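Structure first, commentary second.
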Amino acid sequence: MAELFIPTLHTFAMNNSFTGSCGEFRFRIVPAVEKKGKEVVFENSSIRAEYWHGPFCYEKSVMEGEQVFPMSEEGRLAMKSWLEENI
């Protein structure tokens, strides 16, 4: 099984999206970050991952799966495993 690169939790906590691929497998990760002042409220934040197979970009593709994970290191690792299971 292929291992995907997924950025660190800090990347998502800073409200950065990420797209990646492995062959025809494509995925997009978008955080939903809640802040109190400058601090991230991790327990109220989440990371949404979507995937599809094919040669086209996100906007021109039909999503085959979507799941929301907690904004935590455990959630990030669960998301990585979920994506790798669907390659």
From the list G65, G54, G20, pick out the single residue that is at positive phi and among the small types (G, A, S). G54
When residues of region 1-34 are limited to those that are touching a residue at least 12 places away in the same chain (Cβ under 8 Å) and acidic (D, E), the one farthest from C57 (Cα to Cα): E3
Find the residue count for region 1-54, including only residues that are open to solvent by 30 Å² or more (accessible area, probe 1.4 Å), part of a loop (DSSP other than H, G, I, E, B) and not hydroxyl-bearing (S, T, Y). 13
Within region 55-87, the residues that are farther than 14 Å from G20 by Cα and buried (at least 17 other Cβ atoms within 10 Å of the Cβ) are F69, M71, G75, R76
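The values are calculated or read from the model by the stated rules, or taken from the named source; none is laboratory data. Nothing here was measured: the structure is a model prediction, and the numbers come from that model. Note that we place each Cβ from the backbone using ideal geometry, even for glycine, and neighbour counts take in every protein chain shown. Keep in mind that these areas ignore ligands, DNA and RNA; they rest on the heavy atoms of the full protein, side chains included. Shrake-Rupley method; radii C 1.70, N 1.55, O 1.52, S 1.80 Å.
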